[in-house]
Amino acid sequence: MIGVSACLAGVACRYDGKSQEQKVLKKLVETGQAIMVCPEVLGGLPIPRKPAEIIGGDGFDVWKGTAQIWECQGEEVTESYKAGARLAYKILQEKQVTTLILKEKSPSCGSGMIYDGTFTGNKITGVGVATAYFIKKGLKIFSEEQLTQEEDLLRAILSEDEGM
């Protein structure tokens with residue numbers, strides 16, 4: 001079983017109240033080949049919500065206690081993001097998910113790039129809070145950008161998952 005960011009499966013749960021639907025991922029969920037999670041919503045954050053960014057590093061740094069997540073208007077939301085990651089992992093574990101396709105650049109789900117914490121649109125190399133947690137727990141992570149860049153990625157993920 002694979003997991004996907006709920007926004008990629010068509011759920012309007014992003015900070016701006018929209019989705020980033022990827023038809024192939026939505027189809028996988030609809031056919032029972034994937035489950036979807038949104039760590040931010042699981043952590044109790046509303047839809048829509050103020051944009052948030054990691055300040056002081058990336059998701060691994062948040063778990064180390066050397067970085068925090070702040071909304072653009074000055075409210076710290078680190079604990080909500082961490083709680084959402086833990087709850088999402090629990091759901092993924094119950095469904096025996098080993099591989100995830102997550103929303104790139106998200107402070108939760110980014111797997112290669114995140115925003116730099118200045119709210120200026122600048123990006124840095126790094127991972128989101130949930131992604132860091134999932135990696136620490138041994139899950140394999142891909143982004144939707146890899147999905148659109150490589151036609152065979154999904155087939156490879158599904159065949160790998162079936163072999164486990």
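Per-residue Cβ neighbour counts within 10 Å put ARG14, ARG49 in the sequence ARG49, ARG14, beginning with the fewest. The distance between label points at MET1 and TRP63 comes to 2.1 nm (points 7 Å beyond Cα on the Cα→Cβ vector). Could you point to the residue in PRO39, PHE60, LEU25 farthest towards the positive end of the chain's charge dipole, with +1 and -1 charges on the Cβ of Lys/Arg and Asp/Glu respectively? Working it through, the farthest residue towards the positive pole turns out to be PRO39. Dipole size of segment 1-146 about its Cα centre, with +1 on Lys/Arg Cβ and -1 on Asp/Glu Cβ: approximately 460 debye, rounded to the nearest 20. Mean-square fluctuations from a GNM of the chain, with a 10 angstrom spring cutoff on Cα atoms, peak among PHE119, PHE134, PHE142 at PHE119.
Distance between the C-alpha centres of segment 11-26 and segment 61-97: 19 Å, rounded to the whole angstrom.
Which percent, to the nearest 5, of DSSP beta bridges fully inside segment 24-153 are antiparallel?
Given both bridge residues lie in segment 24-153, the antiparallel proportion sits at roughly 60 percent.
Across THR118, THR98, THR78, mean-square fluctuation computed from a Gaussian network of the chain (C-alpha pairs under 10 Å connected) peaks at THR118. Taking amide H as placed 1.01 Å from N in the peptide plane, the amide H of ILE35 sits under 5 Å from that of ILE2, GLY3, VAL4, each at least 5 places away or on another chain. Across segment 74-81, rounded Karplus estimates of 3J(HN,Hα) from the backbone phi angles (6.51 cos²θ - 1.76 cosθ + 1.60, θ = phi - 60°) give x, 9, 6, 10, 3, 5, 5, 5 Hz, Gly and Pro being marked x.
Considering every alpha-carbon pair of segment 36-115, the percent of pairs per 10 Å bin, from zero through the bin containing the longest distance, is 19, 54, 25, 2.
How much of the pair distance distribution for the chain lies past 19 Å, counting alpha-carbon pairs only, in percent? Tail of P(r) above 19 Å: 50 percent of Cα pairs.
Just so you know, all these numbers are worked out from the coordinates, no wet-lab data involved. Here the structure is a predicted model, which means the values were calculated and not measured. Every residue, glycine as well, gets a Cβ built from its backbone with ideal geometry; the counts of neighbours run over all protein chains shown.
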